[in-house]
Amino acid sequence: NAERNGTLFTSAESLSLVIEMPPTRTTKKFELRAVDVMLDLKDKWIADKSTDLILEVTAEGSIEAELERSIVDDIPLVPGVFVIMSVFTAVAFARRDKVYSRSLLGFGAVVSVLLSIVTGFGILFLAAVPFSSLTQLLPFVMFGVGLDDAFIIIGAYERTDTEKDPVDRIADTIQDIGLSITLTSLTSALAFALGCLSSVYAVYWLSLYCFPTIIVVFLYQITFFVACIVLDERRI
């Protein structure tokens with residue numbers, strides 16, 4: 001029962017009902033179905049203007065289900081991130097001279113990160129590591145970490161002697177910044193590895209996916225991406 005003062009509630013009575021069941025697979029299916037039924041009832045009461053009854057429901061898996069729903073809604077953002085980062089790197093690597101412009105190399109940097117994500121997922125799937133809803137955040141993390149190394153590598157490469165062979169210039173580049181990008185990759189991987197100690201399962205699974213994938217990103221940057229630089233330099 002509820003009492004109103006105009007449009008404002010002044011008092012209300014509530015009835016709380018708790019149903020406890022053993023944690024079995026059948027129970028989980030029943031829980032999902034029961035929540036759907038109660039949410040339908042809630043919508044009917046909201047649509048029925050003649051009643052002041054309000055129904056709120058929460059279940060053992062409500063937080064996980066809501067988190068999964070929000071993450072699934074964000075899946076279309078992943079292709080968007082790929083496109084935006086491709087355009088950004090292409091513009092950043094571009095030059096006014098069409099011959100010396102490295103826009104396609106910028107796209108190669110994004111592709112190297114994409115390959116790293118696919119490889120990381122593949123390795124962990126082979127290891128039978130469960131895929132949780134939060135692990136879908138992995139691409140957003142990897143694009144930031146991976147492209148950072150790409151900008152450092154190309155910046156150091158452009159400071160090398162242009163008279164040298166591209167392979168020798170790559171050797172000079174890695175000698176110059178190799179230790180730096182190795183340490184930054186290792187510290188990032190270590191930070192996520194420590195996240196695997198978390199008792200929060202969402203954080204645990206996300207960290208378990210991130211830390212090996214960061215190592216894979218690093219390997220692709222010093223193999224695939226530097227090879228793209230050499231090919232682009234020979235094109236020039």
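Just so you know, all these numbers are worked out from the coordinates, no wet-lab data involved. All of these numbers come straight from a predicted model, not from anything done at the bench. Using ideal geometry, Cβ is built from the backbone for each residue, glycine included, and neighbour counts are taken over all protein chains shown.
Once divided by 2.2 N^0.38 Å, the Cα radius of gyration of the range 1-109 becomes 2.00.
Distances between every pair of Cα atoms in the chain, grouped in 5 Å steps from 0 to the bin holding the largest one, split as 1, 6, 10, 12, 12, 10, 9, 7, 7, 6, 5, 5, 4, 3, 2, 1, 0, 0 percent. Sorted from greatest to least, the principal axis extents spanned by the alpha carbons of the range 176-236 come out as 52, 21, 11 Å. Direction-averaged projected area, Cα convex hull, the range 116-157: 3.3 nm², rounded to one decimal.
Using the Karplus relation 6.51 cos²θ - 1.76 cosθ + 1.60 with θ = phi - 60°, the per-residue 3J(HN,Hα) values for the range 224-235 come to 5, 5, 5, 5, 4, 5, 4, 4, 5, 5, 5, 4 Hz, with x marking Gly and Pro. Using only the alpha-carbon atoms of the range 128-236 as identical scatterers, what base-10 log of I(q)/I(0) does the Debye formula give at q = 0.11, 0.19 Å⁻¹? For the requested q values the scattering log ratios are -0.42, -0.90. Farthest towards the positive end of the charge dipole of the range 83-164, among the residues Leu104, Leu114, Val129, is the Cα of Leu104, using unit charges on the Cβ of Lys, Arg, Asp and Glu.
Taking the longest Cα principal axis of the chain as reference, the axis of helix 138-158 is set at about 20 degrees.
Placing +1 at every Lys and Arg Cβ and -1 at every Asp and Glu Cβ, with all other atoms neutral, what dipole size does the chain have around its Cα centre, in debye to the nearest 20?
On the way: 18 positive and 28 negative charges, 116 e Å.
For the chain, the charge dipole is close to 560 debye.
Per-residue Karplus couplings for the range 162-171, computed as 6.51 cos²θ - 1.76 cosθ + 1.60 with θ equal to phi - 60°, are listed in order as 6, 7, 7, 5, x, 5, 5, 5, 5, 4 Hz, Gly and Pro entered as x.
Tell me, what is the percent relative contact order of the chain, built from C-alpha pairs under 8 Å that lie six or more residues apart?
Numbers: 212 pairs, mean separation 43.3, N = 236.
It comes to 18 percent, rounded to a whole number.
Taking the centroid of alpha carbons for each part, the range 1-64 and the range 132-175 are 53 Å apart.
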